[in-house]
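For reference, the structure is listed below as structure tokens.
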Amino acid sequence: MRKITVPLLLLCGLSVLLPLAEAADPPEGFTSIFNGKDLTGWHGMGHFNPNKLNQMSAEDRAKKHAADLENAKKHWTVENGELVNDGKGVYLTTDKSYGDMELLIDYKTVAKADSGIYLRASPQVQIWDYTKAGGKWGIGADKGSGGLWNNSKGAPGKDPSVLADKPFGEWNSFRILQVGDRTSVWLNGKQVIDMAPMENYWNRKAPLQRSGPIQLQTHGGEIRWKNIAIREIKAEEANKLLSKAGETEFTSIFNGKDLSGWAGPIGPYQVKDGVLTCPKRGGGTIYTKKIYSDFVVRFEFKMPRGGNNGLAIRYPGKGDTAYVGMCELQVLDNSAKGYAKLDPRQYHGSAYGMAAAHRGYQRPLGEWNYQQVTVQGSKIRVELNGTTILDTDLGKVTKFMGRKVGGKDRKEGHFGFAGHGSPVQYRNVRIKTLK
């Protein structure tokens, strides 16, 4: 997502000359994004589709920013080190966009107001008047704040697991952790959401944006904010956080030393320091000796420039897995110029020739990516770096790229890696069988 900026010259008009308190020092590793004095680093923007904003001309964006700035001046102030909104107007929005991150923020609100925190410009971590007198028990206020309220009805994370709000007049503290679309929320020290996928409010058929600004919502009553700090999460930590959930249920199928338990043309494959490297030339499909039906597999991969590989799903042990197995799930450097004009069903995470995955969620070349694949019946779900990029039912596929995939309805087979002559690397390969 394009970074949205407003000149600091304009922002200075939002400050209020009142006695100031110094912003609290952030914890180690965090950076304050509100200085307690003025709105440097922030601008105004209401409930507005970021995709539509990016499609505007530079002139139209500038006009919108100017109008939002005038609105923000009327409704946002800084008082004694606290960021104050009167319950009206545009939302205060960070100039900078964030992807994987940990956010700390304190708030205090009043009766009958509600608010929230937009992540990546998408709504939202909810803030309620949780009392019956607030009048919103019918839409979930009785469950308390911290839920991903704009998730679909019944979806994980829509409601918090415990009511953790403090009484009106007291400060509440959020800790929000987001890796991919996986979102965890702690309110006043109690975890209320645990690694739930945050849906893309603006397009339910697409994943959450990879990055975007944080927005503080205005909604019906005064709300105050302070101690706003953020820590951006790098790839290595993100992979550990993603793999931590349910890890004890998984069994390693690659010991990091050799290819014991694997079959196929294993000779050219290299194993060193816990990493499996595919051959630069040739390759072929190597596969587990064990057969699987329904399963979840987790692994990390590192992509060389122009890398091309694949996951053999329910592979029979011989033949081209893209056609004789249930499918080959693409492992591909989507950024390579030579792949710029492929069929959408050939990009990373796609069920080759059958179902296209969403693009834009790979990490830069040279970084380890984390992927989880769930195979259950005829359905396949692919999560890349915490974001679901494919969720499809191959049993319903009737149109193919080129020849028909004869093995797509297979009920069981081997899991493997389909080498296509480039040194793609894998590590930490674990699997869980499903009943």
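Identify, by number, the condition in (1) closer than 19 Å to Gly353 by Cα; (2) at pLDDT 95 or above that His420 doesn't meet.
Result: His420 fails condition (2) only.
Could you tell me whether any residue of region 129-137 is within 21 Å of Arg224 (Cα to Cα), in a strand (DSSP E or B) and of a type outside the set (Phe, Trp, Tyr)?
no
Of the residues Asp129, Asp86, Asp165, Asp159, which is touching a strand residue (DSSP E or B) at 6+ places or on another chain (Cβ under 7 Å) and charged (D, E, K, R)?
Asp165
Do we have Ala229 as surrounded by 14 or more Cβ atoms within 10 Å (Cβ to Cβ), in the same structural domain as Arg120 (by TED's automatic domain parsing) and at pLDDT 95 or above here?
Here the answer is yes, as Ala229 does meet what is asked.
Would you say Arg345 is part of a helix (DSSP H, G or I), farther than 16 Å from Gly416 by Cα, in the same structural domain as Gly419 (by TED's automatic domain parsing) and not small (Gly, Ala, Ser)?
So Arg345 fits the description; yes.
For region 385-396, which positions are basic (Lys, Arg) and either touching a helix residue (DSSP H, G or I) at 6+ places or on another chain (Cβ under 7 Å) or surrounded by 14 or more Cβ atoms within 10 Å (Cβ to Cβ) (or both)?
Listed by number, the list is empty, since nothing qualifies.
Give Gly157, Gly87, Gly169, Gly134 a once-over and let me know the one that is more than 28 Å from Leu242 (Cβ to Cβ), in contact with a Gly (Cβ under 8 Å, 6 or more places away or on another chain) and among the small types (Gly, Ala, Ser).
From the options Gly157, Gly87, Gly169, Gly134, the qualifying one is Gly87.
Only one of Glu70, Glu82, Glu102 is in contact (Cβ under 8 Å) with a residue 24 or more places away in the chain and under 26 Å from Leu53 (Cα atoms). Can you tell me which?
The unique qualifying residue is Glu102.
Restricting to region 265-301, count the residues that are surrounded by fewer than 22 Cβ atoms within 10 Å (Cβ to Cβ) and assigned to a loop (DSSP other than H, G, I, E, B).
The qualifying residues number 13.
One line per residue, one yes/no per condition, for (1) out of contact with any His (no Cβ under 9 Å at 6 or more places or on another chain); (2) surrounded by 15 or more Cβ atoms within 10 Å (Cβ to Cβ); (3) in contact (Cβ under 8 Å) with a residue 12 or more places away in the chain:
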| position | (1), (2), (3) |
| --- | --- |
| Gly138 | yes, no, no |
| Gly157 | yes, yes, yes |
| Arg175 | yes, yes, yes |
| Ile193 | yes, yes, yes |
| Met198 | yes, yes, yes |
| Asn203 | yes, no, yes |
| Glu222 | yes, yes, yes |
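Any idea how many residues of region 323-342 are among the charged types (D, E, K, R), assigned to a loop (DSSP other than H, G, I, E, B) and either in contact with a helix residue (DSSP H, G or I) (Cβ under 9 Å, 6 or more places away or on another chain) or crowded, with 16+ Cβ neighbours inside 10 Å (or both)?
1
Within region 414-424, identify whether any single residue is surrounded by fewer than 19 Cβ atoms within 10 Å (Cβ to Cβ) and either more than 23 Å from Gly307 (Cβ to Cβ) or outside the structural domain of Ala263 (by TED's automatic domain parsing) (or both), and answer yes or no.
no
Look at Gly317 and say whether it is touching a Pro at 6+ places or on another chain (Cβ under 8 Å) and either farther than 18 Å from Tyr426 by Cα or at pLDDT below 95 (or both).
When the stated conditions are applied, Gly317 does not pass them.
Quick check, is Lys399 buried (at least 20 other Cβ atoms within 10 Å of the Cβ), of a type in the set (Lys, Arg) and either closer than 14 Å to Leu311 by Cα or assigned by TED's automatic domain parsing to the domain that holds Gly267 (or both)?
Taking the combined requirement at face value, the residue does not satisfy it.
Mind telling me which of the residues His43, His65, His47 ends up being at pLDDT below 95 and either at positive phi or part of a helix (DSSP H, G or I) (or both)?
His65
Check Thr31, Thr40 and return the single one that is among the hydroxyl-bearing types (Ser, Thr, Tyr) and either in contact with a strand residue (DSSP E or B) (Cβ under 9 Å, 6 or more places away or on another chain) or outside the structural domain of Ile223 (by TED's automatic domain parsing) (or both).
Checking each option against the conditions leaves just Thr31.
With the condition kept exactly as written, say whether any residue in region 111-119 is free of Cβ contacts under 8 Å to residues at least 12 places away in the same chain, surrounded by fewer than 21 Cβ atoms within 10 Å (Cβ to Cβ) and of a type outside the set (A, V, I, L, M).
no
From the list Val382, Val373, exactly one residue is buried (at least 22 other Cβ atoms within 10 Å of the Cβ), at pLDDT 95 or above and not in a loop (DSSP other than H, G, I, E, B). Which is it?
Being buried (at least 22 other Cβ atoms within 10 Å of the Cβ), at pLDDT 95 or above and not in a loop (DSSP other than H, G, I, E, B) holds for just one of Val382, Val373, which is Val382.
Which one is farthest from Glu383 (Cα to Cα) among residues in region 161-201 that are assigned to a loop (DSSP other than H, G, I, E, B) and polar (S, T, N, Q)?
Here the answer is Asn188.
Taking region 202-241, which residues are acidic (Asp, Glu) and either under 22 Å from Leu53 (Cα atoms) or part of a strand (DSSP E or B) (or both)?
Listed by number, the list holds a single entry, Glu232.
The values are calculated or read from the model by the stated rules, or taken from the named source; none is laboratory data. Keep in mind that what you see is a predicted model, and the values were worked out from it rather than measured. Ideal geometry is used to build each Cβ from the backbone, glycine not excepted, and the neighbour counts take in all protein chains shown.
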